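What follows is a set of notes on a single structure, which appears directly below.
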């Protein structure tokens, strides 16, 4: 038979060991155990029992409600070491004190269960917040990488555009210089006369 320690069960359920130990002690009637004392181990089916307990308390059930659920789903252990209160006559001071003790004990158990439930909810919220932060950080990095890539593409396109414009302007200038129209005869004649006048002068 494969058995587990409390630490291994806590790791499987992602719960603190102290919480699992409380579950074991509080609901000992339904937790299967192999061995005694420091040699106690728990069969694989104990994980399902602890999982049922954790889910019930996380969903707001009281310890009594969780016990009822366990009673429907799992067998009880043969004998437990719970101390039973002595029965006394109804209406006596001892009976009233005993009833008060029972009520206080039950309220204490329910408060403890609620505290553990709140701790689990807080752990779930913290874990969810960390996951959200991680997802947001990853999304930001992807967006930043995409924007950087887009900037590089825009810069490259701008350089290619500027180079094309300069090349086109250079070609147009060269063509205009190589295909300049011939001067009319009268401009040539005026230019020649002007040159001759300057020589004779």
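Taken as a whole, the condition of being at pLDDT below 70, under 28 Å from residue 124 (Cβ atoms) and touching a helix residue (DSSP H, G or I) at 6+ places or on another chain (Cβ under 9 Å) applies to residue 110. Residue under question is residue 55, and the condition is that it be assigned to a helix (DSSP H, G or I), under 19 Å from residue 121 (Cα atoms), at pLDDT 90 or above and out of contact with any helix residue (DSSP H, G or I) (no Cβ under 7 Å at 6 or more places or on another chain); does it hold? Answer is yes for this residue. If you go through region 37-60, how many residues are free of Cβ contacts under 8 Å to residues at least 40 places away in the same chain and buried (at least 18 other Cβ atoms within 10 Å of the Cβ)? Residues meeting the conditions: 5. State the number of residues belonging to region 1-33 that are buried (at least 17 other Cβ atoms within 10 Å of the Cβ) and either touching a strand residue (DSSP E or B) at 6+ places or on another chain (Cβ under 9 Å) or in a loop (DSSP other than H, G, I, E, B) (or both). The number of residues fulfilling the criteria is 7.
A single entry from 64, 69 fulfils the requirement of being without any contact (Cβ under 8 Å) to a residue 24 or more places away in the chain and either touching a helix residue (DSSP H, G or I) at 6+ places or on another chain (Cβ under 9 Å) or not in a strand (DSSP E or B) (or both): 69.
The values are calculated or read from the model by the stated rules, or taken from the named source; none is laboratory data. Computed from a predicted structure; not experimentally measured. Positions of Cβ are backbone-derived with ideal geometry, glycine not excepted, and every protein chain shown enters the neighbour counts.
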